[in-house]
1. Which one is surrounded by the most Cβ atoms within 10 Å (Cβ to Cβ) among residues in the range 36-62 that are closer than 26 Å to THR4 by Cα and among the acidic types (Asp, Glu)?
2. Can you tell me which residue among ARG29, ARG33 is in contact (Cβ under 8 Å) with a residue 24 or more places away in the chain, assigned to a helix (DSSP H, G or I) and open to solvent by 70 Å² or more (accessible area, probe 1.4 Å)?
3. Tell me, yes or no, whether the range 42-65 has at least one residue that is touching a residue at least 24 places away in the same chain (Cβ under 8 Å) and not aliphatic (A, V, I, L, M).
4. In the range 8-26, how many are open to solvent by 70 Å² or more (accessible area, probe 1.4 Å) and touching a residue at least 12 places away in the same chain (Cβ under 8 Å)?
5. Please verify whether the range 34-49 includes one or more residues that are more than 14 Å from the chain's Cα centre (by Cα) and of a type in the set (Val, Ile, Thr).
Amino acid sequence: MGITDKISGRAKQAVGDITGDADTKQQGRKEERKGDVKDEAAQKEEEASQKRAEAADLAAYIERQGR
């Protein structure tokens, strides 16, 4: 998941704040957002996996009913 990106992004933002380096701060924001996107993608993949399992269960049920 994106926890590593989030942590390093926040650290870079803090370094940017302390040093006054806007580029480092911006890089940190981008990295933190990257972690958010990775988390969102993992959540969507989990939802898709659950839907595939539901569809397989329904298909098996329908097949059993047809016999």
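The values are calculated or read from the model by the stated rules, or taken from the named source; none is laboratory data. Predicted model only: the values in this text are computed from it and were never measured. No Cβ is skipped: glycine too gets one built from the backbone with ideal geometry, and neighbour counts run over all protein chains shown. Ligands, DNA and RNA are stripped out before the accessible areas are found, and what is left, the full protein with its side chains, is counted by its heavy atoms. Shrake-Rupley method; radii C 1.70, N 1.55, O 1.52, S 1.80 Å.
1. Here the answer is ASP39.
2. The unique qualifying residue is ARG33.
3. Checked the range 42-65: no residue is touching a residue at least 24 places away in the same chain (Cβ under 8 Å) and not aliphatic (A, V, I, L, M).
4. Within the range 8-26, residues that are open to solvent by 70 Å² or more (accessible area, probe 1.4 Å) and touching a residue at least 12 places away in the same chain (Cβ under 8 Å) number 2.
5. Within the range 34-49, not a single residue is more than 14 Å from the chain's Cα centre (by Cα) and of a type in the set (Val, Ile, Thr).
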